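Single-structure report; data block below.
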Amino acid sequence: MENALWDRLSVEVHALDSLVSAGRNVHALAVMREHAGLPTPSLHECVDLLDQRFTVLRQGPTSS
């Protein structure tokens with residue numbers, strides 16, 4: 001997935017997928033903003049990433 005904010009997040013924070021899957025969107029947004037480093041991403045950037053992750057997770061694994 002190509003997203004500058006996603007690339008800024010550490011591998012450990014990629015566990016956000018579990019929060020997104022569980023519908024814990026507010027918690028996921030807070031974790032994104034906390035772990036993205038400086039400059040702190042805007043709420044709009046985080047919501048965009050949340051939408052992208054939700055779409056990716058809904059599609060399920062892709063075969064390569």
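The values are calculated or read from the model by the stated rules, or taken from the named source; none is laboratory data. Every value quoted in this text rests on a predicted model; they were computed, and no experiment measured them. Accessible surface areas use protein heavy atoms only, side chains included; no ligands, DNA or RNA. Shrake-Rupley method; radii C 1.70, N 1.55, O 1.52, S 1.80 Å.
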Residue list for the stretch 1-37, filter: more than 10 Å from ARG53 (Cα to Cα) and of a type in the set (D, E, K, R): GLU2, ASP7, ARG8, GLU12, ARG24, ARG33, GLU34
Per-region count, the stretch 2-33, residues among the charged types (D, E, K, R), open to solvent by 50 Å² or more (accessible area, probe 1.4 Å) and at pLDDT below 90: 4
Residue match in the stretch 48-57 (condition: of a type in the set (Phe, Trp, Tyr) and modelled with pLDDT of 90 or more): yes
Number of the exception - PRO39 against (1) open to solvent by 30 Å² or more (accessible area, probe 1.4 Å); (2) not in a loop (DSSP other than H, G, I, E, B): (2)
